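Mind having a look at this structure? Questions to follow.
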Amino acid sequence: MTTSPRLLPEPPQSDDLQDLRSSGAAQRALDFYLKENMSVPAADGALFTIKPGISQEEALVHASDLLRSAAATAYESASSHQGNHRDLAFSVVYLIDMAKAMVERSLQAPQAQANV
């Protein structure tokens with residue numbers, strides 16, 4: 001007589017369980033009961049962080065790219081509106097373009113000083 005291997009039940013595939021595993025409260029509870037050293041809490045809950053050690057030039061290049069994307073979004077918004085809403089959207093495009101010009105100018109400043 002052969003015995004069939006005992007199959008273990010599959011663990012539940014619940015999104016709630018996954019959410020609980022990644023929650024800060026669950027991590028703190030596990031740290032309290034299982035670890036001697038507590039986990040370091042997240043800095044300030046920021047949506048994104050800037051890479052440590054990024055140069056000023058790299059930061060300005062990224063800021064310029066973000067402003068270009070914002071201007072394109074505002075321009076598209078303006079083209080689909082009329083009246084005051086269109087004027088407001090185009091004023092945002094103008095403000096973004098001015099900020100982008102200032103960022104690009106600050107990128108040119110180090111090059112101009114190097115050439116002097």
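The values are calculated or read from the model by the stated rules, or taken from the named source; none is laboratory data. Note that the structure is predicted; figures quoted are calculated from it, not measured.
At pLDDT 85 or above, at negative phi and assigned to a loop (DSSP other than H, G, I, E, B) - does that describe any residue in segment 64-80?
The answer is yes; a qualifying residue exists.
Mind checking which residues of segment 10-34 are in a loop (DSSP other than H, G, I, E, B) and at pLDDT 70 or above?
Residue satisfying the conditions is S23 alone.
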